[in-house]
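Notes follow the structure.
The values are calculated or read from the model by the stated rules, or taken from the named source; none is laboratory data. Small disclaimer: the values here were computed from a predicted structure and weren't measured. Methodologically, a virtual Cβ is constructed for each residue, glycine included, from the backbone with ideal geometry; neighbour enumeration extends over all protein chains shown.
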Amino acid sequence: MGIRFRKSINLGLGFRINMSKTGPGFSWGGKGFRLTRTASGNIRGTAYLPGTGLSYQKEFKNPLAKESRQGSRKEKNEHRQMEAYENEKSYALDFKNIKSTGLSEIIEAARDERPYKLLGLILVVAGIFLFFINPSLIGLSAIGLILYFYKKEGPEVDIDYDFNENSKEEFALTNKLLAGILESDEVFLIEAIAEDGNRLVISKRSPLKITKNLPGKFKTNVEVTSLWSGNFSLSFLPDALLLAETNSYKAISYEDMEVDLRAEEFVEFGHVAKDANLIEKTYLHATKDGQPDRRYKDNPEISLVEYGILEMKNSDFDILLGFSDTIIDGK
């Protein structure tokens, strides 16, 4: 024999909460009609003629519950992608551990100075000792901390280049190549690449802003292309790659790094740039004839896209720049 439990709480203004073993339900209505949200989440509409016993009832799926299920499927799909990204390779820069191999005097000249660092340290230590003699002297430590962390900005630095004919032509060709790459609809810094089966996915990227200005206090007599991602930038000088993060600078001579320009195929789960080479549209799990594999409930449509990659690396870093248009034709 089954045991039923039901309790109704009237909240006024036509609202009522119905309690049962399966959970709470909510209803609202007046004379002749009532809308009920059942414990299962559906909406039940009831219309009736008072005093006649005639009524009509219809149950609908709750659209909010549907959105919830869609959200659940999305979460499962994101979870599946997170599991697939366990083989992720990071290309994040450890800026502090990058060693400069070029423009050493220029980098040193632009560095912010801390002229009172030693004096500040002495006052901090003295204030701590004197505190036990006279507590009011702890103020020396506060003054010492201010002096210790005080920074004096370095001067503006001009980098002047004097080209011969060959070097001038070579630099012009480099800038032309860069212009061809950066005319793409999308240019981005690749921070991580993962494997999804036997295919590659750019799992983390940052869009790049393109300017013709050097970062910070640097100026030069040639046109230089700089790429910005937040407070990080890289600038293509004639003889070195200038890296900047906030007010810190590193310069890497081109002779001290490997440069590779290539095209690679990646999976995109969403938007694809208009100028990208779309190889095909398929499914995450596809049959041999390209149809979706019905064994998988979460099986989104994906795009196989060819992106250009400009890789610059040495023992301290590995920078990957991605761009959508692999036809470098200057158009």
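Residues in segment 162-217 that are surrounded by fewer than 16 Cβ atoms within 10 Å (Cβ to Cβ) and among the β-branched types (Val, Ile, Thr): Thr174, Ile210, Thr211.
What residue, among those in segment 145-187 that are assigned to a loop (DSSP other than H, G, I, E, B) and under 29 Å from the mean Cα position of the chain (by Cα), is nearest to Val222 (Cα to Cα)? Give the derivation first.
We begin by selecting, within segment 145-187, every residue assigned to a loop (DSSP other than H, G, I, E, B); these are 150-151, 153-156, 160-164, 183-186.
Cutting the leftovers down to under 29 Å from the mean Cα position of the chain (by Cα) gives us 183-186.
On the way: Glu183: 20, Ser184: 23, Asp185: 26, Glu186: 26 Å.
That would be Glu183.
Take Leu278 and tell me if it is under 21 Å from Glu183 (Cβ atoms), at pLDDT 95 or above and either touching a Phe, Trp or Tyr at 6+ places or on another chain (Cβ under 9 Å) or surrounded by 13 or more Cβ atoms within 10 Å (Cβ to Cβ) (or both). Against the criterion (under 21 Å from Glu183 (Cβ atoms), at pLDDT 95 or above and either touching a Phe, Trp or Tyr at 6+ places or on another chain (Cβ under 9 Å) or surrounded by 13 or more Cβ atoms within 10 Å (Cβ to Cβ) (or both)), Leu278 does not qualify.
The residue of segment 300-320 that is surrounded by the fewest Cβ atoms within 10 Å (Cβ to Cβ), among those that are free of Cβ contacts under 8 Å to residues at least 40 places away in the same chain and within 24 Å of the chain's Cα centre (by Cα), is Glu301.
Restricted to segment 191-234, and to residues there that are under 21 Å from Ala179 (Cα atoms) and among the aliphatic types (A, V, I, L, M), the residue that is nearest to the chain's Cα centre (by Cα) is Leu208. Here Gly270 meets the list (1) modelled with pLDDT of 90 or more; (2) farther than 25 Å from Ala172 by Cβ; (3) not in a strand (DSSP E or B) almost entirely, failing just condition (1).
Glu183 fails exactly one of the following numbered conditions: (1) farther than 30 Å from Asn299 by Cβ; (2) at pLDDT 85 or above; (3) touching a strand residue (DSSP E or B) at 6+ places or on another chain (Cβ under 8 Å). What is the number of that condition? (3) is the only condition that Glu183 fails.
The set of residues in segment 186-211 being more than 17 Å from Ser90 (Cα to Cα) and modelled with pLDDT under 90 consists of Gly197, Asn198. Asp325 satisfies every condition listed in (1) in a loop (DSSP other than H, G, I, E, B); (2) of a type outside the set (Ser, Thr, Tyr); (3) modelled with pLDDT of 95 or more except (3). For segment 97-106, the set of residues classified as in contact (Cβ under 8 Å) with a residue 40 or more places away in the chain and at negative phi consists of Asn97, Ile98, Lys99, Ser100, Thr101, Gly102, Ser104, Ile106, listed by residue number.
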